[in-house]
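First up is the structure itself, then whatever we jot down about it.
The values are calculated or read from the model by the stated rules, or taken from the named source; none is laboratory data. None of the values given here were measured: they were computed from a predicted structure. Ideal geometry is used to build each Cβ from the backbone, glycine not excepted, and the neighbour counts take in all protein chains shown. Side chains are part of the model used for accessible areas, which takes the heavy atoms of the whole protein and leaves out ligands, DNA and RNA. Shrake-Rupley method; radii C 1.70, N 1.55, O 1.52, S 1.80 Å.
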Amino acid sequence: MTADATTTTTATTPHLRPAWHFTTADRWLNDPNGLVFADGVYHLFFQTNPHGPTWGDISWGHATSTDLVTWTEHPIAIREQDGEMVFSGSAVLDREDTAGFGPGSMVAVWTAARDATDDRPASQAQALAYSHDGGRTFTRYAGNPVLDIGSAEFRDPYVFRHDDHWVMAVVEADRYRVALYTSLDLRDWTLASHVGPVGAVDGIWECPALFTVPVHGGAPGERAWVLLVSLNPGGATGGSGMQYLVGDFDGYRFTPAAAPGRAPRWVDHGHDYYAAVAWGDAPDARALTIGWASSWAYARHVPTGPWRSSMTLARELGLVRADGELVLVQHPVLPAGVSPLQLGPAAGAVPCSGPTVVDVTLPRAGRLTVVAEDGLPALTVALDDAGLTATRPAPSGDLGPHFTAPAHAPLPGRAAVDLRVVVDGDVVEVFTADGRITFCELVLPDTPLAQLRLTT
Ligand code: FRU
């Protein structure tokens, strides 16, 4: 989050509204929050402004889904109050009533954020609210804040259960590190350890998530710990982005597997993948994430309306062994029964006027272009000797140079690459078939999308 001006949009752009990527009806949206699966329902809380499509008066919006694709938006769940904004955080089910809010309470842990006033400096501290109606309404805990270190850069608590205690991963944003705290009751927190600075540190750290991910091809039931960290700027494209670390966690300390000084490993190579965190209590212990499909470089000026910004698709995560390391793989969660269209290796085209999944073999020197009804390209993905590059033309309205800077993922010496591409309104997500490289890109054509074209 950066404090610059917002474009107050008056545009109405139904052709840019995605169907499978969650958008609010008519408001602002950024980070996913409070991802928890409860009573057969995936909860998606999110940063929103109750008053419209600009960042401000930040509160938690709420949506639910049973398939991670079709979302129902509900009224605001936790509202900004007296200048105290409800910044990012997580939610847990307190089955054993450790916090004393009642057995099975859904407890939201979030950052109470205040701007500086004449009387006091800006502050960020961790706070609780609990729900007894499945996340529809929350009551603020009277003893808030529960964790305050006197900082204005201390936010985005990600809480989960580990054996007999709760763990919170929370960023000290401008110190490029994640602090790990433990608690028995969600109210009293004890500092256990820190992670970082490590890997990418060219931007402030935000929105950590620490969870286990299944190792494909490993021992039966094998899992490893993954720490996701968002950073802004300084990601893969130079803007908002996400790195990940694989390692061990003993309930108190996370130990990265890679040697310090290892090059950062990116979660996504596109411009628009940020603040992704994982669902707690997901069925079958699946590692499921969702992110925000935008970038702080231009999010406030994106010319969509009456809403602004969408989530990414949910992704299912795994780990594979490659070159002596565990490497993240990600696959999109799609609606049941969707059959991908097929394209390539010879030149051809498929329609993509509604949400579309295309499996395509992109040969070296080939180009895949998402083309709008007016014949203009909205996004091009090309494979050359060095790897995959995604480029976007300048949209109508000035979003600055970052929007048109190419996004690149190294994939040296490949004759061809198999891709799964999901085109949906103003978001295109590209996955290599093995799941090791992904790009999430916002596209802003003036007319509806029409075709995905392969040129070889
Ligand atoms: C990340 C972020 C968080 C913060 C929230 C405010 O995008 O800046 O660090 O809690 O957005 O909306």
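Within region 35-52, restricting attention to residues that are over 16 Å from the mean Cα position of the chain (by Cα) and open to solvent by less than 20 Å² (accessible area, probe 1.4 Å), the residue that is nearest to the ligand (Cβ to nearest atom) is Asn49. Taken over region 343-399, residues that are of a type in the set (Gly, Ala, Ser), in a strand (DSSP E or B) and free of Cβ contacts under 8 Å to residues at least 24 places away in the same chain amount to 1.
Picking from residues in region 305-361 that are in contact with a Pro (Cβ under 7 Å, 6 or more places away or on another chain) and among the charged types (D, E, K, R), the one that is surrounded by the most Cβ atoms within 10 Å (Cβ to Cβ) is Arg308. When region 66-79 is filtered for residues that are free of Cβ contacts under 8 Å to residues at least 40 places away in the same chain and touching a Ser or Thr at 6+ places or on another chain (Cβ under 8 Å), the ones remaining, listed by number, are Thr72, Ile76, Arg79.
Criterion first (out of contact with any helix residue (DSSP H, G or I) (no Cβ under 7 Å at 6 or more places or on another chain), at pLDDT 95 or above, among the polar types (S, T, N, Q) and within 21 Å of Ser151 (Cβ to Cβ)) does Ser131 satisfy it? Spelling it out, it is not the case that Ser131 is out of contact with any helix residue (DSSP H, G or I) (no Cβ under 7 Å at 6 or more places or on another chain), at pLDDT 95 or above, among the polar types (S, T, N, Q) and within 21 Å of Ser151 (Cβ to Cβ). Residues in region 97-119 that are more than 16 Å from the ligand (Cβ to nearest atom) and outside any loop (DSSP other than H, G, I, E, B): Ser105, Met106, Val107.
Does region 240-247 include one or more residues that are without any contact (Cβ under 8 Å) to a residue 40 or more places away in the chain and either more than 16 Å from the ligand (Cβ to nearest atom) or open to solvent by less than 30 Å² (accessible area, probe 1.4 Å) (or both)? Yes, there is a match, as at least one residue in region 240-247 is without any contact (Cβ under 8 Å) to a residue 40 or more places away in the chain and either more than 16 Å from the ligand (Cβ to nearest atom) or open to solvent by less than 30 Å² (accessible area, probe 1.4 Å) (or both).
Taking into account only those residues within region 252-268 that are closer than 16 Å to Leu317 by Cα and more than 16 Å from the ligand (Cβ to nearest atom), which is least open to solvent (accessible area, probe 1.4 Å)? Going through the qualifying residues, I end up with Arg265.
Are any residues in region 152-168 surrounded by 15 or more Cβ atoms within 10 Å (Cβ to Cβ) and closer than 25 Å to Gly251 by Cβ, and if so, which ones? Result: Phe154, Arg155, Asp156, Pro157, Tyr158, Val159, Phe160, Arg161, His165, Trp166, Val167, Met168. Taking each residue of region 80-95 that is more than 13 Å from Ala127 (Cα to Cα) and looking for partners that are within 13 Å of the ligand (Cβ to nearest atom) with beta-carbon atoms closer than 6 Å, six or more apart or interchain, yields Gly83/Arg114. Candidates Thr182, Thr111: the one that is within 19 Å of Leu227 (Cβ to Cβ), among the polar types (S, T, N, Q) and over 22 Å from the mean Cα position of the chain (by Cα) is Thr182.
Considering every residue within region 183-196, establish whether at least one is in contact with a helix residue (DSSP H, G or I) (Cβ under 9 Å, 6 or more places away or on another chain), within 16 Å of the ligand (Cβ to nearest atom), of a type outside the set (Ser, Thr, Tyr) and assigned to a loop (DSSP other than H, G, I, E, B). Yes: region 183-196 contains one or more residues that are in contact with a helix residue (DSSP H, G or I) (Cβ under 9 Å, 6 or more places away or on another chain), within 16 Å of the ligand (Cβ to nearest atom), of a type outside the set (Ser, Thr, Tyr) and assigned to a loop (DSSP other than H, G, I, E, B). Of the residues making up region 171-184, at least one is of a type outside the set (Phe, Trp, Tyr), open to solvent by 60 Å² or more (accessible area, probe 1.4 Å) and under 27 Å from Tyr273 (Cβ atoms).
Regarding region 78-88, can at least one residue be identified that is closer than 23 Å to Ala25 by Cβ, more than 16 Å from the ligand (Cβ to nearest atom) and not in a loop (DSSP other than H, G, I, E, B)? No, every residue in region 78-88 fails to be closer than 23 Å to Ala25 by Cβ, more than 16 Å from the ligand (Cβ to nearest atom) and not in a loop (DSSP other than H, G, I, E, B).
Taking region 433-456, which residues are open to solvent by 10 Å² or more (accessible area, probe 1.4 Å), of a type outside the set (A, V, I, L, M) and under 20 Å from Ala322 (Cα atoms)? Hits for region 433-456 are Asp434, Arg436.
Look at Asp94 and say whether it is charged (D, E, K, R), within 16 Å of the ligand (Cβ to nearest atom) and over 16 Å from Gln47 (Cα atoms).
No; evaluated as a whole, the condition is false for this residue.
Checking each residue in region 53-75 for being within 15 Å of the ligand (Cβ to nearest atom) and surrounded by fewer than 19 Cβ atoms within 10 Å (Cβ to Cβ) picks out Thr54, Gly56, Asp57. I'd like the full set of residues that are of a type in the set (A, V, I, L, M), at pLDDT 95 or above and over 16 Å from Gln330 (Cα atoms), limited to region 230-259. Of everything in region 230-259, those that are of a type in the set (A, V, I, L, M), at pLDDT 95 or above and over 16 Å from Gln330 (Cα atoms) turn out to be Leu231, Ala236, Ala257. With respect to the stated conditions, Ala169 fails to be within 21 Å of Arg262 (Cα to Cα) and outside any helix (DSSP H, G or I).
Taking region 280-299 as the search range and keeping residues that are in contact (Cβ under 8 Å) with a residue 24 or more places away in the chain and of a type in the set (D, E, K, R), which one is nearest to the ligand (Cβ to nearest atom)?
Asp281
Among the residues here, Leu334 qualifies as in contact with a strand residue (DSSP E or B) (Cβ under 9 Å, 6 or more places away or on another chain) and assigned to a loop (DSSP other than H, G, I, E, B). Scanning region 202-226 for residues that are in contact with a Pro (Cβ under 9 Å, 6 or more places away or on another chain), away from the ligand (no atom under 16 Å from the Cβ) and hydrophobic (A, V, I, L, M, F, W, C) returns a single hit, Ala224. If we only count strands (runs of 3 or more DSSP E) wholly inside region 264-331, which ones have 2 or more residues that are farther than 25 Å from Pro197 by Cβ? Here the list reads 287-292, 315-322.
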